[in-house]
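Some notes on the structure that comes next.
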Amino acid sequence: MSSGEPLAFEIHGPARLQGSVTLSGAKNSALKLMAASLLAAGKTTLHNVPGIADVEIMSDLLRSLGCTVEYISESQTLTIDVPQTPGHRAEYNLVRKLRASINVLGPLLTRLGRAEVALPGGDAIGSRGLDFHIKGLQDLGAEAHSEHGYVIASAPDGLVGADISLNFPSVGATENIMTAAVLARGVTTIDNAAREPDVVDLGEFLNSMGAKIEGLGSSLITITGVTNLSPTTHATLPDRIVAGTWAFAAVMTRGDITIIGGREDHLEIPLDKLVQAGAVVTTTTNGFRVKMDRRPTAVDIVTLPYPGFPTDLQPMAICMNAIAEGHSMVTENVFEGRFMFVNELKRLGANITVDGHHASITGIPELSGAPVVATDIRAGAGLVLAGLVSEGTTIVEEGFHVDRGYTHFAENLRTLGAEVLRITE
Ligand code: UD1
């Protein structure tokens with residue numbers, strides 16, 4: 001799927017990006033739809049699945065559970081043939097590569113009455129607990145605990161609907177509880193549920209399999225259990241974080257990018273912030289366009305669960321403020337480790353002080369190219385954007401992180417006029 005294993009991105013700045021990009025399907029949606037396909041024996045077809053490394057890893061995980069998985073890159077279509085009785089144990093060697101692998105827990109438990117899933121890895125962005133997932137499954141009547149690096153859950157007599165309240169609107173916990181409750185006996189409610197479009201997409205997919213879920217997109221989701229589900233065909237929604245990345249890229253480079261397939265309604269607060277920074281955002285027939293003709297004005301940003309400013313765009317927000325006119329404060333409320341990349345950005349000359357979950361930024365007109373290291377997907381993409389507004393050459397090492405979330409990132413950047421290479425040697 002991803003072409004090669006780049007060790008680094010090499011960027012020759014400064015650049016001005018101009019042109020159009022076509023969005024692919026959302027990583028964080030596609031991976032969850034793939035995991036949820038385990039809920040029904042037979043063939044699920046998913047359209048608009050991005051050709052990224054994480055989809056390959058989830059495909060391998062499903063294969064290890066007995067599924068047949070095929071990806072057609074020309075049409076971005078993925079088919080998953082799920083056996084009558086899939087395996088119940090997701091092994092560490094695959095799960096550790098991908099946080100979203102924890103999403104097989106709910107489907108396996110509710111369908112098989114037992115599941116063993118290794119504790120996941122994924123990005124180094126914070127502690128990422130599973131307590132809400134485990135507590136939610138226990139509320140549905142499962143015995144669930146973690147032991148020897150695995151979450152072990154069982155419910156030999158099936159799950160039973162319950163009223164569940166989350167302490168924090170966790171995306172992953174909402175998804176695992178929802179996918180478990182669809183086959184539970186009776187009604188489940190999830191209060192303080194995550195409202196992310198990815199959660200809505202998953203719920204709509206489940207409903208098209210025959211589930212009965214109401215309240216998607218609100219903080220109260222109601223699930224009436226059914227006895228069985230059927231495989232379905234579904235198109236993944238467009239990736240709002242990739243769309244947001246291109247929007248920030250346009251603003252940072254004083255460029256003009258049309259994001260084909262972009263949904264402004266999924267990015268209301270980030271786009272408002274970019275307008276405050278000086279951008280002009282217009283709706284087009286099949287997406288939206290972001291245009292900027294001056295140095296951005298610094299804007300304060302606070303990350304919050306949807307519809308708040310997404311933590312996944314926080315690195316881009318910091319990078320933009322690093323070259324903006326004025327002083328700003330970026331506050332991270334979701335993942336405490338997300339500021340790890342700031343030290344890398346400072347190597348490009350950015351003037352940033354981190355204190356706890358606040359980053360205080362004084363913009364400078366231009367950064368200066370240097371070698372830096374990507375610590376996770378979004379930090380990696382942010383550092384590439386920072387390279388675009390740096391004078392000279394920036395090398396973003398460990399660029400494979402970027403491939404985990406962005407299809408043809410370097411190619412798209414080149415189409416938009418940047419001088420970017422993937423260095424694989
Ligand atoms: C998902 C996304 C990630 C995004 C995040 C928030 C995927 C694969 N990843 O991650 O890109 O940044 O949503 O939009 O979809 N928490 C607990 N206990 C739990 C669960 C979560 O303490 O049981 C905490 C986490 O440590 C974190 C916060 O809650 O501080 C939010 O996590 P969550 O919404 O669950 O994020 P993910 O689903 O892991």
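The values are calculated or read from the model by the stated rules, or taken from the named source; none is laboratory data. Predicted model only: the values in this text are computed from it and were never measured. Positions of Cβ are generated from backbone atoms using ideal geometry, with glycine treated the same way; all protein chains shown enter the neighbour counts. Protein only, heavy atoms only, side chains kept; ligands, DNA and RNA dropped before computing areas. Shrake-Rupley method; radii C 1.70, N 1.55, O 1.52, S 1.80 Å.
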Collect the residues in region 286-309 that are surrounded by 19 or more Cβ atoms within 10 Å (Cβ to Cβ), within 16 Å of the ligand (Cβ to nearest atom) and not in a loop (DSSP other than H, G, I, E, B), keeping them in residue-number order. 301, 303, 309
Qualifying residue in region 346-353 (condition: under 20 Å from residue 425 (Cα atoms), assigned to a helix (DSSP H, G or I) and open to solvent by 40 Å² or more (accessible area, probe 1.4 Å)): no
Find the residue count for region 370-400, including only residues that are surrounded by fewer than 24 Cβ atoms within 10 Å (Cβ to Cβ) and not β-branched (Val, Ile, Thr). 7
Subset of region 184-210 (residues that are open to solvent by less than 10 Å² (accessible area, probe 1.4 Å) and more than 18 Å from the chain's Cα centre (by Cα)): 184, 188, 190, 206, 209
Of (1) among the polar types (S, T, N, Q); (2) open to solvent by 60 Å² or more (accessible area, probe 1.4 Å); (3) assigned to a loop (DSSP other than H, G, I, E, B), residue 283 satisfies every one except (3)
Restricting to strands (runs of 3 or more DSSP E) lying wholly in region 1-81: which have 1 or more residues that are among the basic types (Lys, Arg) and open to solvent by 10 Å² or more (accessible area, probe 1.4 Å)? 42-47
If you go through region 163-180, how many residues are surrounded by 19 or more Cβ atoms within 10 Å (Cβ to Cβ) and either β-branched (Val, Ile, Thr) or away from the ligand (no atom under 16 Å from the Cβ) (or both)? 5
Being touching a Lys or Arg at 6+ places or on another chain (Cβ under 9 Å) and more than 16 Å from residue 36 (Cβ to Cβ) is the filter here, so list the residues in region 168-186 that pass it. 169
Here the residues within region 245-269 that are over 16 Å from residue 291 (Cβ atoms) and open to solvent by less than 10 Å² (accessible area, probe 1.4 Å) are 245
Go through (1) within 11 Å of the ligand (Cβ to nearest atom); (2) open to solvent by 40 Å² or more (accessible area, probe 1.4 Å); (3) under 29 Å from residue 415 (Cβ atoms); (4) not hydrophobic (A, V, I, L, M, F, W, C) for residue 131 and report which single condition fails. (3)
Please name all residue pairs, on different chains or six or more residues apart, with Cβ atoms under 8 Å, provided the first residue is in region 319-338 and is under 12 Å from residue 358 (Cα atoms) and of a type in the set (Asp, Glu) and the second residue is open to solvent by less than 40 Å² (accessible area, probe 1.4 Å) and in a strand (DSSP E or B). 332/303; 332/359
Of (1) modelled with pLDDT of 95 or more; (2) out of contact with any helix residue (DSSP H, G or I) (no Cβ under 8 Å at 6 or more places or on another chain); (3) buried (at least 16 other Cβ atoms within 10 Å of the Cβ), residue 115 satisfies all except one. Which? (2)
With the first residue restricted to region 393-419 and required to be in a loop (DSSP other than H, G, I, E, B), and the second required to be aromatic (Phe, Trp, Tyr), Cβ contacts under 6 Å at 6 or more apart or on different chains are 399/9
Considering region 82-111, residues that are open to solvent by 20 Å² or more (accessible area, probe 1.4 Å) and in a loop (DSSP other than H, G, I, E, B), and then whichever is nearest to the ligand (Cβ to nearest atom), we arrive at 97
Counting only residues in region 322-345 that are open to solvent by 20 Å² or more (accessible area, probe 1.4 Å) and closer than 23 Å to residue 278 by Cα, the one farthest from the ligand (Cβ to nearest atom) is identified as 325
